[in-house]
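Computed from the coordinates by the stated procedures, all read-outs in this text should not be read as laboratory data. This is a predicted model, so every value here is computed, not measured. Cβ placement follows ideal geometry from the backbone for every residue including glycine, while neighbour counts extend to all protein chains displayed.
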C-alpha cells in the first residue's frame with residue numbers, strides 16, 4: 001500500500017510540474033524592462049560591438065504572481081539604419097530577471113542619430129518598457145523608441161580606423177551620431193568616450 005502511495009505522490013508532483021510549465025505565462029502588467037547605463041541622461045542608448053555600452057534589464061513576473069524563472073527573453077530592433085552584431089537574448093534567473101548585453105554598431109551614413117524601436121518579447125508576450133522597472137512605474141510603453149549612438153558608426157561590428165574617419169569628419173561640429181555626451185559639440189570629451197571602445 002505504501003508503495004502505491006509513493007508512486008501516486010510522484011505522479012502528482014510530476015503532473016503539477018508539467019501543468020505549471022504549460023500554464024506559465026508572463027504578466028505584461030507586472031513585468032517590465034529598462035535601459036541600464038543609457039547615454040545623455042537616459043535619452044539615448046550607447047551601444048558597442050563589445051557589448052559594453054548600454055544594456056537592457058528585464059524583470060518577468062508570471063501571470064499567477066511569482067517571478068518567472070527560466071524564460072527566454074528576446075529583443076527585436078527595428079530601424080532603417082541599425083545593425084546588431086549578435087542576437088540580443090537571454091534567460092531569466094531564479095527571480096525572473098535577466099540582463100541583456102547589446103552588441104551592436106549603428107550605421108550612420110549622415111550626422112543625425114538613428115531612431116531605433118526596441119521590443120522585448122517573452123513567450124510571445126510583449127514586455128513593456130518602463131522608466132522605473134521591478135516593480136513597474138511611470139508611463140510604460142509597449143515599444144521603446146530612442147536614438148542609438150555607437151562608436152561603430154559604419155556597423156561593421158568593429159571600432160576601427162574607418163569609424164575614426166567618420167568621427168574626424170564630425171570634429172568640432174554638432175553631429176548627433178558622434179555627440180556621445182549630448183552637449184551639442186563634438187570635442188575632446190566625445191573623443192575620450194570614443195577611445196574607450198577603440199578596437200572593440
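Evaluate Rg over Rh across the range 52-104, taking Cα atoms for both radii and Kirkwood's formula for Rh.
1.06
Rounded to the nearest 5, what % of the DSSP beta bridges within the range 24-195 are antiparallel ones?
On the way: 35 of 40 bridges.
Antiparallel: roughly 90 percent of the beta bridges in the range 24-195.
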Pick from 139, 103, 168: which is most flexible by mean-square fluctuation in a GNM of the chain where alpha carbon atoms under 10 Å apart are linked?
-> 139
Helix-only [θ] at 222 nm, the chain, -39500 (n - 2.57) per DSSP H run of 4+, per residue, nearest 500, equals -6500 deg cm²/dmol
Listed peptides 39-47, 190-198 by packing density, highest first (mean Cβ within 10 Å) | 39-47, 190-198
What percent does the relative contact order of the chain come to when contacts are Cα pairs within less than 8 Å and at least six residues apart?
-> 21 percent
Compute the acute angle (0 to 90°) between the alpha-carbon long axis of helix 161-170 and the principal axis of greatest extent of the alpha-carbon atoms of the chain; round to the nearest 10°.
-> 60 degrees
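Quick one: 132, 186, 56, 77, fewest Cβ neighbours within 10 Å first, how do they rank? Each step should come with its number before you reach the end.
Details: 132 12, 186 25, 56 22, 77 18.
Ascending number of Cβ neighbours within 10 Å: 132, 77, 56, 186.
Rank these for me by crowding, 123, 61, 83, 153, going from fewest to most other beta carbons within 10 Å.
Working: 123 14, 61 23, 83 20, 153 26.
Neighbour counts put them in this order, fewest first: 123, 83, 61, 153.
Using alpha carbon coordinates only, what is the Rg to Rh ratio of the range 24-195, with Rh defined as the Kirkwood radius? Intermediate values should be presented prior to the final figure.
Values: Rg = 16.8 Å, Rh = 16.4 Å.
Ratio of gyration radius to Kirkwood radius for the range 24-195: 1.02.
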What's the exposure ranking of 152, 170, going from fewest to most Cβ atoms within 10 Å?
-> 170, 152
Relative to a virtual label point 7 Å from the Cα of residue 117 in the Cα→beta-carbon direction, which members of the range 42-84 show backbone nitrogen distances below 13 Å?
-> 76-81
Principal-axis tilt of helix 2-23 within the chain, Cα atoms, nearest 10 degrees | 30 degrees
